[in-house]
Amino acid sequence: MIDASLYLVGIRKDTGEYEEGADSCQICKKMIINAGIKEVIVKDESKIRIQNYKSRRLDRK
């Protein structure tokens, strides 16, 4: 999964609307970094934001 992109969308079950400010929990962030995922693309109601994780991991040789 090195340099992969992960897409994250939070939708509320009760209303069917997008969850504003959806984000990964701390444990998920660690797993994202350890898996070598490059970026997480988050969809909110009004915008798309990209979180860069590549700079947070140590490159393994």
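The values are calculated or read from the model by the stated rules, or taken from the named source; none is laboratory data. Bear in mind the structure is a predicted one, so any value in this text is a computation, not a measurement. Because the Cβ atoms are built from the backbone with ideal geometry, glycine has one as well, and the counts that use them run over all protein chains shown.
Asp44 satisfies every condition listed in (1) at pLDDT 90 or above; (2) over 11 Å from the mean Cα position of the chain (by Cα) except (1). Scanning the range 47-61 for residues that are modelled with pLDDT of 90 or more and of a type in the set (A, V, I, L, M, F, W, C), which turns out farthest from the chain's Cα centre (by Cα)? Taking the candidates together, the pick is Ile48. Hey, can you tell me all the residues within the range 14-51 that are among the acidic types (Asp, Glu) and under 20 Å from Met1 (Cβ atoms)? Matches in the range 14-51: Asp23, Glu39.
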